[in-house]
Amino acid sequence: MRQHTDTDALPRRAACAPAWTLRLVSTLVLALGLLPASGSAQDQQLTLNDQGYFAKRGVNVLVFENTYTGVFFDDHLAGMMLIQSGVRTATGGAVRLSPTPEQWDLLPLLLDRKVDKATNTIEVTLRYEAYDFNSRMVVKPEGAGFNVAVFVDKPVPAALEGHAALNMEFRPTEFWEHTYVVDGKPGIFPRYPTGPTESVPEARKIPMYPSGLSGFSTFDLHGHPDYIEALPFAAGKTLLMAPEDPARSVTMHSSLRDLQVFDGRNLAQNGWYVVRSLLATGTTGKVAEWHVEPHTVPNWTRPPNIGFSQVGYLPSQPKRAVIELDPNDKPLPTASLIEVGSDGRQVEKLKVKIQPWGKYLRYNYVVADFSAVKDPGIYLIRYGTQQTGAFPIADDVYERVWHPTLDVYIPVSMDHMFVNEAYRVWHGAAHLDDARQAPLHEQHFDGYRTSDTTNTPYKPGERIPGLAVGGWFDAGDFDMQGGHHGLMVAELANIWETFHPQHDQTLVDQKLRYVAIHQPDGRPDVLEQLEHGALQVAAQFRTIGGLSRGVVDAQMHTYTHLGDASTQTDNLIYDPSLKPYEVRDGRSGTNDDRWVYMPSPPSSSYLGVDGLAAASRSLRGFNDSLAVECLSLAEKAYATARAAPPPPPTQVRPRGFDGGSAASAALQLWLATRKQEYLDQFNGLIWAALDRPVNRVGGFVGFGDQNLTLAAQAVPFMDAAYARKLRPYAERYRASVDSLNKQNPYGVPVGGTGSWGGDNGVVNWATTNYYLHKAYPDLFGTELVTRGLDYLFGTHPYHNYSFVSGVGARPKHVAYGNNRADFTFIAGGIVPGVLVLKPDFPENLDDWPFLWGENEYEIAFSGAYIFLTMAVNDMLAPEAKGTH
């Protein structure tokens, strides 16, 4: 969404800027031949707006509107931030204790935030509890930029001298291959990190990680005691970043300690460029001070973002373009649908009047409805000087949109298998050393935790046999999350039973642990993937009595592993009698085997029961022995969970376990066995659940009433009285669906207001509407289903790219997959989507894969996506037979 400009458009400084700024910067730009044109938006002063942040045209400065949540530690969504020309260029402005903070480094606790419009200041108080260290950061407009100063009432603790500093982090993709100038000396921001670094003895390292974390080191230097620390590649009093590009240029000056410029990617591929000034020591009062001028293009106006489906449209479905406009942009009266002929000529097919929608977050929105056009062909949308890429209107637009997910993303995610694609090996057979029981009283760095019992038959550290089979890598890492496996197995079984897709493009050989992408083997791929997931889920129920929270890395340096999954561990069973890195008789002294975390029953037992029961039906005739075992394990686990006392009402369920309801388990067991007891239990559970408040579980599970979804899913198997009884609940839900049209211009539950984007919620919402459409077509039209896919494929805020990698004319080009270090994607993976940074900034970066809340794939989401695309195709284009 950058507005490209010539380098001679660098704006001049404001007349009220400090004299040293004018003199120094004028000298620099003259020396570099970058003299700006006279008069610009740079002359404007930042003002404190009603939303509580500093703003002027083209520039925003946010100060701790977004705080460190602690969910995944430093997610680069907190602190002081810069937004220039509609793009967030910097974040993490705060007092930090490391030159290049990693994800798990100590974070400051926000004690207080004061917004004072009378003095035009924002003041925050930060604290490091471990060091009894408080600091105040005061930000106020100054000249054409702002002043940020750090104050302390007590001197910086001795342990933090030379460590505590005012930091700010700049996204590398915004600045690499651009120049910088430090005190008159020019340089170029490197595209790839090349140092400098130093090896520092462990004795010099102050504790950086939160207390209680296990496996805290991100380094494994094979016995070497040192750790790595980045050194500055530039330092001085004044820094000018990207002076040739006014859309991202920043000027900084430190009045106390030098500005030091580091490359955080020397320590971690997700590191940012860091500018920092050490805090003055042995004194109180002001200990750091910067003047910062973020630049912008004169009279900058964000180009319209024309939201539309990059996949295209079925002839019969609604075709709404949602156009996102800068507050300074005046809406145009019309937009046009342009048909591209076979000879390449572009002809206006339809001109429509723009329908104003209003303001949502920071932008204004208008809608252009082209639903009247039903003729197959190639089209594009023109709005003023903006023009979209081309897209089709055709009967088969959804027929193949799920192929990359089933053909590539899911096979690439298969754990314990060698995965090959043509000339490429995605990874070798990984984690053949699975797995060991996690220790007691363990606080894992990825949120897992144990208490005073393992909740399994195994002792802490004991090997759990039989787990090196089946399963998928959960997300951008190589862990296996139990909850997502349960959901994925249930979804694949549902796909098979609902649509019976015969699609076959993958060879899977469980005996050889071998997978070949794009190589048919005569067996339906959905069943092969269902088998693969059921093998792992059944193994967990067989060995530990239920579904684990996760099978996860024991050490942080393996958790951060990027590359071939088979090299994450040594694939040898750990033997504590051996020395580290010693290998003998197929065993290893390297403690890298993954740990198993088991939650307390009954939540773990219910989660996965529905998947096992459903898999037992689908796998009959495909893998009969596994089908029989799945049903036996499901019935046993269900009975155990039913007999267990319920958890206390105040108990917080682990993330990922909210979908594991007894009602779902009872329904699937009834469908698998037709035993009346399961049907009676389902009816008792589902109606009680429907009368409770709607279960909306943030960004991880999604928006909507999961109980209503389950109840509607059961309608085809029940009598007419059941459907009549359910209808009032559907009517009540329909009212909440209609309210979305007033909440945002997209008419879907956008979500993304926490630490995770809302795409999963949109897909779940659309799927709920599909089931309700099947049950009550007079209440729920097909547009309430297709609207979810339109959003996923490009009709959404910030940009109009498809959120499904490899799908659509312009899909996401980078994502948080396990190949993210290469700034690429895995075809068919679906990202979380738009995050809304408080108070009003929607964002989804496509040049920086490392923001997991915006860009991380998750395995369970892939099954939900495949089901929805097949459902829409079956609902609107049954003649296309899109499940083949």
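The values are calculated or read from the model by the stated rules, or taken from the named source; none is laboratory data. Since this is a predicted model, take the numbers as computed values, not measurements. In this analysis, Cβ positions are derived from the backbone assuming ideal geometry, glycine residues included, and neighbour counts consider all displayed protein chains. These area figures cover heavy atoms from the full protein model, side chains too; ligands, DNA and RNA do not enter into them. Shrake-Rupley method; radii C 1.70, N 1.55, O 1.52, S 1.80 Å.
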If you check Asn420 against the conditions, is it closer than 20 Å to Ile830 by Cα and either of a type in the set (D, E, K, R) or not in a loop (DSSP other than H, G, I, E, B) (or both)?
no
Can you find even one residue in the range 532-554 that is modelled with pLDDT under 95, in a helix (DSSP H, G or I) and within 24 Å of the chain's Cα centre (by Cα)?
no
Filter result for the condition that a residue is free of Cβ contacts under 8 Å to residues at least 60 places away in the same chain, of a type outside the set (Val, Ile, Thr) and at negative phi, over Pro304, Pro333:
Pro333
When residues of the range 429-446 are limited to those that are over 28 Å from Pro411 (Cβ atoms), out of contact with any Pro (no Cβ under 8 Å at 6 or more places or on another chain) and of a type outside the set (Phe, Trp, Tyr), the one surrounded by the fewest Cβ atoms within 10 Å (Cβ to Cβ)
His441
Has the range 401-417 got at least one residue that is over 30 Å from Leu512 (Cβ atoms) and either touching a helix residue (DSSP H, G or I) at 6+ places or on another chain (Cβ under 9 Å) or free of Cβ contacts under 8 Å to residues at least 24 places away in the same chain (or both)?
yes
A careful count of residues in the range 744-762 that are at negative phi and either without any contact (Cβ under 8 Å) to a residue 40 or more places away in the chain or within 15 Å of the chain's Cα centre (by Cα) (or both) gives 11
Run Ser605 past the list (1) assigned to a strand (DSSP E or B); (2) at pLDDT below 95 and report the number of the one that doesn't hold.
(1)
Within the range 587-637, can you find the residues that are β-branched (Val, Ile, Thr) and either farther than 30 Å from His561 by Cβ or open to solvent by less than 10 Å² (accessible area, probe 1.4 Å) (or both)?
Val596, Val609, Val628
Residue check, Val181 surrounded by 12 or more Cβ atoms within 10 Å (Cβ to Cβ) and either in a strand (DSSP E or B) or of a type outside the set (A, V, I, L, M, F, W, C) (or both):
yes
Which count do you get for residues in the range 358-409 that are open to solvent by less than 30 Å² (accessible area, probe 1.4 Å), of a type in the set (S, T, N, Q), under 22 Å from Val750 (Cβ atoms) and not in a loop (DSSP other than H, G, I, E, B)?
0
Are any residues in the range 483-537 out of contact with any helix residue (DSSP H, G or I) (no Cβ under 7 Å at 6 or more places or on another chain), within 30 Å of Ser605 (Cβ to Cβ) and small (Gly, Ala, Ser), and if so, which ones?
Gly483
Those helices (runs of 4 or more DSSP H) lying entirely in the range 767-884 with at least 1 residues open to solvent by 30 Å² or more (accessible area, probe 1.4 Å) and more than 18 Å from Val408 (Cβ to Cβ)
783-792, 859-876
